[in-house]
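**Student:** I have a structure here, written as structure tokens, and I will follow up with some questions on it.
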Amino acid sequence: MFKTILIDDEPLAISRLKRLLSHYNSVISIIDEAHNGQEGLEKIETQKPDLIFLDIEMPLMTGFEMLSNLSYMPKVIFSTAYDQYAIRAFEENSIDYLLKPIEPERLEKTIEKLKKLEEKKEDNSLNANLIQLLEQFKSKEETQRSPAQKQTTAHSISVKSGERILFIPLTDISYFEAEDKYVFLNTTDGKQYLTNYTITSLEEKLPENFVRVSRASIVNSHLIKELQKYFNGKYLVVMRDSKITKIETGSTYGDNLKRLMEI
């Protein structure tokens, strides 16, 4: 029997998956659930499950980011919607991949696959394949982030809004700001959306005109109205958005500020 943790930021998705898995109590034992990558990371490290069902697009950190930070690697079954190339890649590496909404017939095939894996005791080979595949994705992302390509690889950021996925053009984004463990995207017309990224991952992914000015903030330099001197050598970045947002800079981001002021 596989001790299992379900990791998904959508409560309805977890409820549906639990209902579907209830038919396989002889194979799956659900020991816990997590609703974002950070929570999933902590629960995997402490409870060491045999198996996880993992969404990819989640707040705080994506499923891929969570896996890359694990010191203990369980078997992984992805349950999400993603790129077709990725699906083929994971299937070829013997990592199962369920597209939402998960169909009972497709889940049954996954359970049969798990039974065979348990009989063959292929835990180590599975983990090796997954780690290798994650490295391939990491290398691909790093190539895409090279200076020559950085300006053209991203045109929008996807965010969830209820049951919809919206694509916000980068030109409409005023700034990103972290609050507690979450990162929010703020548009020029004053709207705010929760993202699935960390501030650090955004800093790496975004084009050069997006500049990190503090531990918690990244601004679109094309939409800066002015810089105002503040306390202790800091500045207030005044944005050209509907709220005329003022963002306090961090003391350790002087080089970025110099770049903004073209010093």
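Since every read-out is calculated from the coordinates, none of them should be taken as a lab result. Since we're looking at a predicted model, the values are computed, not measured. Cβ sites come from the backbone with ideal geometry, for glycine too, and all protein chains shown count toward neighbours.
**Student:** MET239: net charge of surrounding residues, Cβ under 10 Å, Lys/Arg +1, Asp/Glu -1, itself excluded? It would help to have the intermediate numbers written out before the result.
**Tutor:** On the way: positive: LYS225, ARG240, LYS243, LYS246; negative: GLU226, ASP241.
Taking every Cβ under 10 Å from that of MET239, the sum is +2.
**Student:** How high is the FRET efficiency between MET261 and ARG164 when r is their beta carbon distance and R₀ equals 45 Å, given to the nearest 0.05? Each step should come with its number before you reach the end.
**Tutor:** Details: r = 39 Å, r/R0 = 0.87.
Computed FRET efficiency for MET261 and ARG164 comes out at 0.70.
**Student:** Estimate the FRET efficiency between VAL27 and SER71 by the formula 1/(1 + (r/R0)^6), using the beta-carbon distance for r and 30 Å for R0, to the nearest 0.05.
**Tutor:** Working: r = 26 Å, r/R0 = 0.87.
So, using R0 = 30 Å, E works out to roughly 0.70.
**Student:** Separate question: Give me the number: length gained by fully extending GLU226 to ASP189, i.e. 0.36 nm times residue separation minus the C-alpha to C-alpha distance, one decimal in nm.
**Tutor:** Numbers: separation 37, 0.36 × 37 = 13.32 nm, distance 1.82 nm.
Extra length from GLU226 to ASP189 when fully extended: 11.5 nm.
**Student:** Between SER156 and ASP180, how many nm apart are label points set 7 Å from Cα along the C-beta direction?
**Tutor:** 3.0
**Student:** Follow-up. Which links in LYS116/LYS160; LYS113/LYS205; LYS43/LYS109 stretch past 30 Å when you go from one Cα to the other? Don't skip to the end; give the middle numbers.
**Tutor:** Numbers: LYS116/LYS160 37 Å; LYS113/LYS205 36 Å; LYS43/LYS109 27 Å.
In this structure, LYS116/LYS160; LYS113/LYS205 lie more than 30 Å apart at Cα.
**Student:** For q = 0.13, 0.17, 0.21, 0.22 Å⁻¹, what log10 I(q)/I(0) does the stretch 153-261 give under the Debye formula with an equal point scatterer on each alpha carbon and no solvent?
**Tutor:** For the stretch 153-261, the Cα-only Debye profile gives -0.44, -0.76, -1.16, -1.27.
**Student:** How would GLU248, GLU208 line up from fewest to most surrounding beta-carbon atoms within 10 angstrom? Show your work: numbers first, answer last.
**Tutor:** Values: GLU248 14, GLU208 10.
Taking fewest neighbouring Cβ atoms as first place, the list is GLU208, GLU248.
**Student:** What FRET efficiency do you get for MET1 and LYS246 if R0 is 45 Å and r is their Cβ-Cβ distance, rounded to the nearest 0.05? It would help to have the intermediate numbers written out before the result.
**Tutor:** Values: r = 56 Å, r/R0 = 1.24.
After rounding, the FRET efficiency stands at 0.20.
**Student:** Moving on to the next point. LYS75's amide H: which non-local residues (gap 5+, or another chain) put their own amide H closer than 5 Å, with H modeled 1.01 Å from N in plane and none for Pro or chain starts?
**Tutor:** Residues meeting the criterion, in which the H sits 1.01 Å from N, are LEU51, ILE52.
**Student:** Beta carbons within 10 angstrom, averaged per residue: use that to sort the peptides 103-109, 185-191, highest first.
**Tutor:** Numbers: 103-109: 12.4, 185-191: 16.3.
The packing order, highest mean first, is 185-191, 103-109.
**Student:** With charges set only on the Cβ (+1 for Lys and Arg, -1 for Asp and Glu), what does the dipole of the stretch 153-261 come to about its Cα centre, in debye to the nearest 20?
**Tutor:** Numbers: 15 positive and 13 negative charges, 44 e Å.
The dipole of the stretch 153-261 has a size of about 220 debye.
**Student:** How far is it, in nm, from the label point at ARG106 to the one at LEU236 when both lie 7 Å from their Cα along the line to the Cβ?
**Tutor:** Going by the 7 Å Cα→Cβ label model, 5.1 nm.
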